[in-house]
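*Asks:* One structure, pasted below without further comment.
Read-outs: derived from the displayed coordinates by stated rules, not from any lab. Since we're looking at a predicted model, the values are computed, not measured. Here Cβ is always computed from backbone atoms with ideal geometry, including for glycine, and neighbour counts include all displayed protein chains.
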Amino acid sequence: MKTKILMMIMGIILVIASCQNSEGPRAEKTNIKSPEVVDYRALPFELDEVTLREGPFKHALELNIQSLLNYQPDRFLAKFRKNAGLEPKA
């Protein structure tokens, strides 16, 4: 029993000692070169070059359009007219 405990303590000491002297498994030197760095630039494009296909974004766009078309124009513009110093019609 004492021998097993002594062997476990010796094993733990060896593991701790070996961990303190190494920098980890990736510490070895390699001749791998770092990847080439490429500058990316965003290119401008016109809005008519973009098409929105079926999906959640097109569905949301259609819902927003319907929602905006359901407003009465005078009520929709009331706050803008008030801020511009004009009399709101609604």
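*Asks:* Order of 73-80, 54-61 by packing, highest average Cβ count within 10 Å first?
*Replies:* On the way: 73-80: 12.0, 54-61: 9.6.
Going from most to least packed, we get 73-80, 54-61.
*Asks:* Please state, to two decimals, what the Cα-based radius of gyration of region 35-90 comes to when divided by 2.2 N^0.38 Å (N = residues).
*Replies:* Dividing the Cα Rg of region 35-90 by 2.2 N^0.38 Å gives 2.00.
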